[in-house]
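Quick notes on the structure that follows.
FYI, it's all coordinate maths here, none of it is from the lab. Here the structure is a predicted model, which means the values were calculated and not measured. Glycine also receives a Cβ, built like all others from the backbone with ideal geometry; neighbour counts cover every protein chain displayed.
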Amino acid sequence: MTSPNKVLVASGSFKDVYAPLEACHTIQAAVQKVFPMWNIEVLPMVDGGEYSAETLAEHLGLEKIIVDDLVGPQHNATNSFYVEMASDEVYIATSSIVKLEPQYIDSANPLLYTSYGLGQLVLNALDKGYTKINIGLGGTNTVDCGTGMMQALGAKFIGKSGELLEPSSGSYFSGGDLSSISAIDINEIDSRIQQSSFQVICDARPSVNQMETPIRQKIGKDNHDNTIYDQLLNGIKSYAEAAKPIISVTAPNNYSDDLLNAPFYGAAGGILYSILCITDSVVRIGFKFFAEQFNLEASLNEHDMVVTGEGKLDNSLFGKTPIGISQTAKLYGKDVIFLTGHFDEWNDLTDS
């Protein structure tokens, strides 16, 4: 490797430690200290997971639309925001509304958490006249397949005996309700949904049957036994069966006879199941969406080498930011330095 003249530090977040811009500046300072002669620039990157809305707004100078009186994942009152991308277009990140605060991570139990607030953000955007809705899936602590979101948008859920279901814990549907749902009634879904266009930006492409690691990561260490995991996984599979006949009609472009092995359905605790019950969304890998927004390829082409990385290399090969940056750099023949704090042997290179 020849000595580079221009180096691009393009990094996503180091989970719960550095936001993307913080990570980039930290790496930049460290590299510059050792190689003061290098010209180093930074480009914070995201993939639709955590920090995606914040980084989109900050990097491109876009407006944040603040929304109060929302329901957080723990059924708590909270506020959040989405980003205006154009006069008729917004970006809504699930990580901005259904992610726990760090102090609750160790005791996290996704059976109790709801995505209701996500539905409220969508409604707020529709109320303000936006008709192009981008939803970023990733960086969440919920595993409710979007049932809370669906409830906020007007859906009803039917039990195994044909009864109308009520949430089992509090006022909002959550992960613990999934196994009870045998049918989904979308007749009262807000009509503006069908009059708008939706694009789903997934931080990775896992199927439900590839969700073991992501689900276990959402369960706090104080609750780490198989009971919660098994109940969540069985609930997702049950909800998938309820959603399947609706998706086949509403979203034929994203339908598969085997929705448990179809890509993307595992992202963000299965929220895609509910989104595709109500709109035939375009579904994209998030890295490519943000690479276009941030002109990554042009930046790579102007530099000799790129530095990227993340805290833990685990399910990264499903389409996460640092892998996408590395693959793009390879296409342009650029050298890559990849920084990581831990490598998990769970990675299956055949999935790349």
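A simple charge model with +1 on the Cβ of Lys and Arg, -1 on the Cβ of Asp and Glu and nothing else charged puts the dipole of region 104-218 at about 320 debye relative to its Cα centre.
Applying 1/(1 + (r/R0)^6) with R0 = 45 Å to the Cβ-Cβ distance of S196 and Q32 gives a FRET efficiency near 0.45. Extension gain, N209-H25: 0.36 nm per intervening residue step, less the Cα-Cα distance, totals 62.5 nm.
Could you state the orientation-averaged shadow area of the convex hull built on the Cα atoms of region 96-248, in nm² to one decimal? Before the final figure, lay out each step's value.
Details: hull surface 37.6 nm².
Its average projected convex-hull area is 9.4 nm².
Fewest neighbouring Cβ atoms within 10 Å first, the residues D190, D177, D47, D257 line up as D257, D190, D177, D47. From its DSSP helices (H runs of at least four residues, each -39,500 (n - 2.57)), the chain gives a residue-normalised ellipticity at 222 nm of -9000 deg cm²/dmol.
A straight chain from N76 to Y104 at 0.36 nm per residue would run longer than the Cα-Cα distance by 8.8 nm. The C-alpha radius of gyration of the chain, expressed as a fraction of 2.2 N^0.38 Å, stands at 0.99. Assuming a strict under-22 Å limit between Cα atoms, what lysine pair count do you get for region 15-144 once near-sequence pairs (fewer than 8 apart, same chain) are dropped? Counting lysine pairs in region 15-144 gives 4. Between S248 and S171, the modelled label-to-label distance comes to 3.7 nm, taking each label 7 Å out from Cα in the direction of the beta carbon. Within the listed set A29, A243, A155, the Gaussian network model of the chain (springs between alpha-carbon atoms below 10 Å) gives the highest mean-square fluctuation for A29. Pairs exceeding 22 Å between alpha-carbon atoms, taken from K6/K320; K288/K320; K156/K244: K6/K320.
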